[in-house]
Every structure is written in structure tokens, then in C-alpha cells.
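Reviewing the structure listed below.
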Amino acid sequence: MQSWIFVVLGLLIVVLAVVLYAAVKRGQNEKRISQLSDDFEKMTNQPIYKTIEQLEAMNLAGESHKSFEKWRNVYYKLINDKFGVLYQNITDTEKANQSFKLFTANKMIESTTQQLEEAQSENSDVADSLNRLVRSSEQNKVEIEKLSTKYREMRKEVLTKSFDYGNSVDAFEDRLSDVDKQFEQVRKLTSQGDHLEARQGLTDISKKLDELKDIMVRIPPRYHELNVEFPDQLTEIKNVYEKMRADHYNFTKPGILETVALLHNKITVTSQALGNLDLPLVEQNNQGIVTQIDELYDRLQEEIDAKKEVEQLQKDTSEFLNHASISVTNLIMSLDHLSQNYVLTHNELEEARRMQSETADMHKEYDIAIQEIADHQAVYTETVKEFNEIITNLNEMQAKQYQISNGVSGLFEGEKVAKQNVTQFELSLKNIQRDVEQMHLPGLPKSYTEYFSMVSDEVAKLKNNLNQVQINVEDITKQMLMTQEDLNTLTQKSEDLHDAAVLTEQALQYANRYTYGNETLAGAANEAKRIYNQEFDYEMALDTIASALDQVEPGSFKRIEASYYNTNADNEAQDQDDAE
């Protein structure tokens, strides 16, 4: 019994929840449907029909009438096709909501809202377009008055200030007359009710008036340049040129007066272009004329400045040329004297004579320039260039002379050093020969004697070359370096020969303690003696006895060798101390 009560209570709660949800949802739908009704009523209550009646009374024509017909038809179609359907949909939606067909009502609300928004957009387009047609007449009147005022002011300015526009006035008046004709056409269209076409005409008029206003601003300064500034400047240039010619100034091509004449012709052509209102061509030509006039002024000023510069350059160039002539002559004499005793290996004398010839040519150029000045034929800017080129060339030549002088200045010192070295080479050979003789060897290896002879021949050849009437210091220097290297090698060979001979003797003495009991060592000792006394190959003799000793007593030869070199080192140190 108790369980049954709980089930009933649960069902009652569910029913109450459903009822409550339905009531809330219906209330929400009612608000949305009410908003739809308000929006529909607001849209349909717009007085578009009154605007249509107003436009019908205006007797529109042309494009205005076509536009009116278009939007009136759109409005009637909207009323007939969509307004009625929308009204019925709102009513049906309200009935479904009242009958608690909540989901159906909700879908109908969504659909109707979309349809209403589309209708509102179309209705707004119709209203805006029709209102623009209504306003176009009044706007055109305001625009006509505004543009007419601008037109009259421009015409007045051109007439009152015609002297600022020169021959462009007629063409400008023609342009204004064309605009005036367009005004008449616009007024005609307005009176006929074609306000849209009239509006287009006014837009075109506004654009043309803006273009003419821009032209008005640009013409006066260009006209002033062509009729005042340029002619005055060309007259000034001509007067200055004639005065300078009277003062013996000369000019390069193209001639100043020829250029002035060409510029006058260009001014005439450009003035004609100004009369045709071809402003882009006028401005381009005027800029070119400005540039050319500036160039003429620059040419005049450059000649004036150059004349002042020539006076100082003439003196500097003359002094430099004279100095260069003396300098290159002294260099040639010095090189000629040196060439009697030394071979000049880099064509120094030929180079100096070439510079002497170039200096003479520059002297001729200078003399011609001076004569042109004296004959009043000189173009001073060209003369400045010539003098500067001569000075530049002389500077380069002077550097070359210094380089040559520096190069040959060491010839005598080089000869002196070479002679000192040859004397030292001869002394070194004698010392080597004496040291070898003091060793009292049974003979010398053939390779050693041949190398000694080769070094001796090199020293003799070097000495002979130094005793020639004309010596080549560069070649002698190369020979001297090679001979020094060969002498160093000979010294080392002599030391190696001495060391090998002495070590062989010491090794043989040490081997005597074993020779009576060791036939192998005795045989090696005899072989080493034979090589030592008969073949004079002391290094081979040393290798023979050293190898035999190490077999009998390992490490024995290393001890002999170490003792020998240590003793030699001590002796050398003692000799150095004695010398100090």
C-alpha cells in the first residue's frame, strides 16, 4: 500500500514538471510572437505609399522614372507576395502556441523570423531608394548652385587676371564654355524630371571644374617663367657672354649664343603648348629650360673661376716642369755613370730616357697652352685641365724616379758586401783544407774532393765576376747566396769526415781487447782498417767495426761515441771561455 502511494506521488511530480515547462515555454513563445507582430506592424506602417504618391506627382522622366518604376514594382510585389504570407504565418504560429503545440510553434517562429528579416531588408532598400529619388531634386538644386558659384568665380578670376594666364586664356575660356553648356543640359534634365541623369551630369561638371581649378593654379607660374624669368635670364647670359668675349674669354662647343637661340625657340614652342593647356608638356619643357639655363650660368662662372686658377697653375706647372727636367737629366747621368760599372737589370736607364722624352712632350704642351693664353685663344677650363694633367703626370714620374734611384743606390754597397763575403769564403776554404790536412788521413773520399773542388770553383767564379769592368750585382748576390749554402754543406761534410775517422780509430783501439779471442771481431777490425787505409771511406769503416763491437759487447760503441762527443763539447766550451 505504501509503495503505491510513492508511485502516484512520482507521477504527479512528473506531470507537474511537464505542465510547468509547457507553461514557461508557451510564455517565452508568446513574447517572441509578440515581437514578430510588432516588427511586422512597424514595417508595414512605414509611409512608403506616401513617398510613391509624392514621386508620381513629380512627373519623373528618363533614368529617374525608370528607377522609380523599378522600386515601386518591388514594393507592390513585396506587399502582394510576402506581407500577407507573413501575417498569416504569425497568426498560425500564435494559434499553435495557444494550443500547446510548443515544438511546432517554435519551428514556425524560427521560420517566420527569417522571412521577416528578408522582407525588412527588401522594404528598407525600397524606402532608401525612393527617398533618394525624392531628395535628388533638392540635392541637384543645391549642387547646381554650388557648382555655378564655383564656375562664376573661376571665370571672374580668369577675366580679371588675364595677364597672369597669357595666351592660355582663350583655351581656358573654351573649356569654361563647354562646362556652361553642360550646366544648361543639367537644368534641362532637371526640369524634365530626370534627376538621376542630371546628377551624373553634375558629377561630370564637378570633375571638370576641379581639373580647371588645378590648371588655373599651375598656369601663372609657368607663364611667368616663359614670358619673364627665362627671357630675362637669357638676356643676362647673352650680355655677360659678350662682355666676357670682349675680355678674351673663349668657350667650348656648343657655343653659348647658339644654346641661347635654341632655348628661345624652345620657349616659343612651350608657349604654344601653354596656349593649348598642355600642362604636362609645358612643365616638362620648363624644367628642361631651367636645367639648361643653369648649365649656361655654370659655364660662364666656370670660365671666370678657371681664369683665376690658371694664373697660379701656370706658375706651379712651369716650376714643376723645370724641376722635373733637371731631376730626370741628373738621374740619367747617374744611371749612365753606374752602367759603366754595374749591369742595370731592370731597364732603369731606358725608363729614365722615356721619362725625359715624356717631360719634353709635356713641356711642349705647356708652351702651346701658354701661347694660346697670350693669343687670347685659350679656353681657361680646358687649360686648367691640361695643367692639372701635367702636374699629375709629373707627380707619378717623380715617384717613379725615386723608385729607380732607391733601386740603384744599393749597387755599390752590394758590391762591397759581395767582396767581403768572397774574402770570407776564401778564408773558410783555407781553414777547412788546413783542418783536413792536420788530420793526417791516408787519403780523402772522391766525393769529398769533388765537392771541395766545386765550392772552390764557385768562390773563384764569384771573385772573377767581381773583378769585371761591369758587374751584375743582382746575379752576384744570387751566386753569393748559393755559394754560402754550398760552403755550409762542405763544412758539415768536413766535420762528418773528421768525426768518422776519429771514431773509427777509437773503436779499433777498443776492439783490440777482444781480437785475440774472437776471430769474427778480428776479421771485422781488419776489414775496417782496409777500408780506412785503402778506400778512404771512413763512414763505412766506422759502420763495420761499430756493428762488430755491438755484437761482442752490446752498447759499447754508444759509450765510445758519447764519450767522444762529450769531450768535444767540453773542448768547445773551454775554447769559448778562453776567447772571452
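Among the listed pairs Lys253/Lys400; Lys207/Lys266; Lys253/Lys307; Lys266/Lys385, give every one whose C-alpha distance is greater than 30 Å. Spell out each step's value before the answer.
Values: Lys253/Lys400 37 Å; Lys207/Lys266 32 Å; Lys253/Lys307 18 Å; Lys266/Lys385 33 Å.
As for pairs spanning more than 30 Å Cα to Cα, those are Lys253/Lys400; Lys207/Lys266; Lys266/Lys385.
How high is the FRET efficiency between Gln433 and Glu413 when r is their beta carbon distance and R₀ equals 30 Å, given to the nearest 0.05?
Numbers: r = 31 Å, r/R0 = 1.03.
That pair, Gln433 with Glu413, gives E of 0.45.
Enumerate the amide H contacts of Ile471 below 5 Å, restricted to partners 5 or more residues apart or on another chain; note that Pro and chain-start residues carry no placed amide H.
Tyr342, Val343
If R0 is 41 Å, what FRET efficiency do you get for Arg559 and Asp457 from their C-beta distance, rounded to 0.05?
Details: r = 42 Å, r/R0 = 1.03.
Rounded to the nearest 0.05, the efficiency is 0.45.
Suppose R0 equals 35 Å; then what is the FRET efficiency for Ala246 and Asp361 from their Cβ-Cβ distance, rounded to the nearest 0.05? Please report the intermediate quantities before stating the final value.
On the way: r = 35 Å, r/R0 = 0.99.
Here the calculated transfer efficiency is 0.50.
With label points built 7 Å along Cα→Cβ from the Cα atoms of Leu279 and Arg530, find their separation and express it in nm.
12.4
Leu444 versus Arg218, label points 7 Å from Cα toward the beta carbon: distance in nm?
10.6
Read-outs throughout are calculated quantities, based only on the coordinates presented, and are distinct from any laboratory measurement. Predicted model only: the values in this text are computed from it and were never measured. As a convention, Cβ positions derive from the backbone with ideal geometry for all residues, glycine included, and neighbour counts pool all protein chains shown.
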